[in-house]
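Only one structure is covered here, and it is reproduced in the block below.
The values are calculated or read from the model by the stated rules, or taken from the named source; none is laboratory data. The structure displayed is predicted, hence computed values, not measured ones. Positions of Cβ are generated from backbone atoms using ideal geometry, with glycine treated the same way; all protein chains shown enter the neighbour counts. What goes into the accessible areas is simple: the full protein's heavy atoms, side chains included, and nothing from ligands, DNA or RNA. Shrake-Rupley method; radii C 1.70, N 1.55, O 1.52, S 1.80 Å.
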Amino acid sequence: MERNELYPVFLKVSDLNVLIVGGGYVAEEKLTFLLKSSPNARVEMISPMYREGTIALAERHNITMTKGNYRRRLLKNKHIVIATTNVPKINEKVYNDCRKRAILVNVADNPPLCDFYMGGIVTKGNVKIAISTNGKSPTTAKRLRQFFEDVLPEKVDDLVKNLNTYRKTLKGGFEEKVATLNELTKGLVQQKDADEN
């Protein structure tokens, strides 16, 4: 069986500089996805044209939008770049320029030209779950996201906050604290299983 070897990370995109190359439907989709998860993301966009929906979304989130064509100099001080144009040569240029500068890049709908994928994300307060299909099926990731949004209780955030408060009262070393919290959360899961039976 094939194995997903991607390493999931949660980036503080409000502290990083993101560039989206393109202004069409895919750019709007990527911007929507990014801002849904991280409303304070620092994003700039470059495109000769923008969809009305993209403009409205960008204005709501103070996104810098520049009309024009992609130029290598736009990569200065960028940490992440997402290429969404419908011109493969431009997307490949963006990819190659980013690779030369060690900038993380995602070329939409072209998994070989991606350092990362933008998978499905479920957020309930402080709890965030990322879903990846290894770039093979965004539709499956979307369906799994919908499933977890329905299954995870809204009060899961209360559990996280309460455990954080309790954790701060624990004495002892790291291993002792982890053991105590593991035992406590194991009990919560067992209690849930018992309640369902």
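Details
- Close pairs from the range 171-186: first over 16 Å from residue 159 (Cα atoms), partner open to solvent by less than 70 Å² (accessible area, probe 1.4 Å) and not polar (S, T, N, Q), Cβ under 8 Å, at least 6 apart: 176/170; 177/170
- For the range 77-116, a residue qualifies if it is part of a helix (DSSP H, G or I) and open to solvent by less than 80 Å² (accessible area, probe 1.4 Å), and the qualifying residues are 90, 91, 94, 95, 96, 97, 98, 111, 113.
- Qualifying residue in the range 141-162 (condition: among the polar types (S, T, N, Q) and modelled with pLDDT under 85): yes
- Qualifying residue in the range 162-184 (condition: part of a helix (DSSP H, G or I), of a type in the set (Gly, Ala, Ser) and within 23 Å of residue 8 (Cβ to Cβ)): no
- Residues that are open to solvent by 40 Å² or more (accessible area, probe 1.4 Å) and small (Gly, Ala, Ser), drawn from the range 39-76: 56
- In the range 117-149, residue farthest from residue 10 (Cα to Cα) [restricted to those that are open to solvent by less than 40 Å² (accessible area, probe 1.4 Å) and small (Gly, Ala, Ser)]: 137
- The one condition in (1) without any contact (Cβ under 8 Å) to a residue 12 or more places away in the chain; (2) open to solvent by 80 Å² or more (accessible area, probe 1.4 Å); (3) outside any helix (DSSP H, G or I) that residue 154 fails to fulfil: (1)
- Summed over the range 62-120, residues that are of a type in the set (Asp, Glu) and at positive phi total 1.
- Annotation for the range 160-168: at least one member residue is surrounded by 12 or more Cβ atoms within 10 Å (Cβ to Cβ) and touching a strand residue (DSSP E or B) at 6+ places or on another chain (Cβ under 8 Å).
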